[in-house]
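Input: a single structure, listed below in structure tokens.
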Amino acid sequence: MDLKKIPKVELHRHLEGALRFTTVVELAKAAKKDFPYDNCPAIKERICVTSPMKDLKAVLDKFWLTQSLLDSEEVLERITYEAIEDAYKEGVHTLELRYSLSFISINHPNLKYDQINRAIYKGMLRAKKDFPTRVGFLATLGRVDAPNVQKNVMDFVVDHAETFVGVDLADNEVDVDTKTLAPLFEKARKAGLGVTIHAGEPVGSEKNVVDSIEMLGAQRIGHGLQIHRFPKIIELVKSRNVHLELCPYSNWLTNAVHATKAHPFRKLMEAGVSVSINSDDPGIFDSNLTHEYEILRNEHGFTEAEFNKCNDMALKATFIR
């Protein structure tokens, strides 16, 4: 079974976490970052997460070096083009890329939301000329952002709804209560945008899946793996036809599972939950989507028919129309 040749749908890939390692090094050199450029392992230690970190926050902190390099429209257009090219070469024919306007703009006063949006959309249009891949963008709100920032981002996204297919909510889900965001996500739904929420990733966060569905109107959940021990939540997910965007390798790196072999992917799928296979942050994790497939084949015994079933479920769940 040639895993790269399987026609794939990917719903959960962060643009800011999908930069090629070579591109990061090139941009860092141009920016005169203090790097051990003659020592590839040392650079990877600075940039990438390649073994489990103590918690999700420790993983998120790794993003700041890469974020500092996203300082121009030219860079944003380039990384978008490259992310789509990389996905296409792995057999992805339908791709949703998500990015955070507020995160990219931090410490980049020359980049307003409209410039970020324009550059990323331009990169997508250029890539589509070369790679026959359907692409849609999700706008990610940050849980840790100030309320006025969250409102400004959602207002911008709704005003530019033609350039997005959906909205997302990410960041630290353990320490931040997001129920107050319900009006913003209702506004997005009224604008015809799909809603997916990062929830149920860290151990003990399963209740966030329930809140995301019942209070924020989530149609999909980013991760959500922790519900596997709770039959009532599984039934809620199934009854509402909510799709789980699962990322086995990422979940191991963030300590959501103690081993990739222990991931509840098959358990959730066999329970009748709609699930898909995703890479999350392939650049930060020095990985790719094919690696996720290898884990499921080698450690969970997935067959080509089961991979095709996951991609069929993902295709039904995509916000791209």
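Of all residues in region 270-286, those satisfying the criterion of being surrounded by 21 or more Cβ atoms within 10 Å (Cβ to Cβ) and out of contact with any Lys or Arg (no Cβ under 8 Å at 6 or more places or on another chain) are Val275, Ser276, Phe285. Note on region 34-54: residues that are outside any helix (DSSP H, G or I), surrounded by fewer than 16 Cβ atoms within 10 Å (Cβ to Cβ) and more than 18 Å from the chain's Cα centre (by Cα) amount to 7.
So, in region 2-33, of the ones that are among the hydrophobic types (A, V, I, L, M, F, W, C) and part of a strand (DSSP E or B), which residue ends up farthest from Gly222 (Cα to Cα)? Result: Val9.
Restricting the first member to region 168-196 and to residues that are closer than 17 Å to Arg220 by Cα, and the second to residues that are assigned to a helix (DSSP H, G or I) and among the polar types (S, T, N, Q), the beta-carbon pairs closer than 7 Å and six or more apart or on different chains are Glu173/Asn208; Leu181/Gln150; Leu184/Gln150.
Name the residues in region 134-151 that are more than 29 Å from His93 (Cβ to Cβ) and either touching a helix residue (DSSP H, G or I) at 6+ places or on another chain (Cβ under 8 Å) or touching a residue at least 60 places away in the same chain (Cβ under 8 Å) (or both), would you? Across region 134-151, the qualifying residues are Gly142, Asp145, Pro147, Val149, Gln150, Lys151.
For region 77-125, taking the residues that are of a type in the set (Lys, Arg) and closer than 24 Å to Asn148 by Cβ, the one that is surrounded by the most Cβ atoms within 10 Å (Cβ to Cβ) is identified as Arg98.
Condition check ((1) under 19 Å from Ala188 (Cα atoms); (2) touching a residue at least 24 places away in the same chain (Cβ under 8 Å); (3) surrounded by fewer than 19 Cβ atoms within 10 Å (Cβ to Cβ)) across all residues:
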| position | (1), (2), (3) |
| --- | --- |
| Glu201 | no, yes, no |
| Ile213 | yes, yes, no |
| Gly224 | no, yes, no |
| Glu235 | no, no, yes |
| Lys238 | no, yes, yes |
| Tyr249 | no, yes, no |
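Looking only at residues of region 103-132 that are in a helix (DSSP H, G or I) and among the aromatic types (Phe, Trp, Tyr), we find that the one that is farthest from Leu70 (Cα to Cα) is Tyr121.
For Asp159, the criteria (1) at negative phi; (2) touching a residue at least 12 places away in the same chain (Cβ under 8 Å) hold in every case but one, which is (2). The set of residues in region 18-41 being small (Gly, Ala, Ser) and under 16 Å from Tyr81 (Cβ atoms) consists of Ala18 alone. Cβ-Cβ distances below 8 Å connect the following pairs, each with a first residue in region 65-86 that is under 12 Å from Val24 (Cα atoms), a second residue that is of a type in the set (Phe, Trp, Tyr), and a separation of six or more residues or different chains: Gln67/Phe103. For residues that are farther than 22 Å from Ala317 by Cα and either among the basic types (Lys, Arg) or part of a helix (DSSP H, G or I) (or both), tally how many sit in region 248-290. Counting residues in region 248-290 that are farther than 22 Å from Ala317 by Cα and either among the basic types (Lys, Arg) or part of a helix (DSSP H, G or I) (or both) gives 5.
Among the residues of region 54-97, what is the count of those that are within 25 Å of Tyr113 (Cβ to Cβ), β-branched (Val, Ile, Thr) and modelled with pLDDT under 95? Counting residues in region 54-97 that are within 25 Å of Tyr113 (Cβ to Cβ), β-branched (Val, Ile, Thr) and modelled with pLDDT under 95 gives 1. For Gly192, the criteria (1) assigned to a loop (DSSP other than H, G, I, E, B); (2) over 18 Å from the mean Cα position of the chain (by Cα); (3) modelled with pLDDT under 95 hold in every case but one, which is (3). The condition (being of a type in the set (A, V, I, L, M), over 24 Å from Asp61 (Cβ atoms) and either modelled with pLDDT of 95 or more or part of a loop (DSSP other than H, G, I, E, B) (or both)) is satisfied by just one residue among Val144, Val176, Val135: Val135.
Of all residues in region 226-246, one or more are of a type in the set (Asp, Glu) and not in a helix (DSSP H, G or I).
Only a single criterion out of (1) on the phi > 0 side of the Ramachandran plot; (2) in contact with a helix residue (DSSP H, G or I) (Cβ under 6 Å, 6 or more places away or on another chain) is not satisfied by Gly192, namely (2). Only one entry of Leu236, Leu296, Leu246 meets the criterion of being of a type outside the set (Ser, Thr, Tyr), out of contact with any strand residue (DSSP E or B) (no Cβ under 8 Å at 6 or more places or on another chain) and over 22 Å from Lys44 (Cβ atoms), and that entry is Leu236.
The values are calculated or read from the model by the stated rules, or taken from the named source; none is laboratory data. Bear in mind the structure is a predicted one, so any value in this text is a computation, not a measurement. Cβ sites come from the backbone with ideal geometry, for glycine too, and all protein chains shown count toward neighbours.
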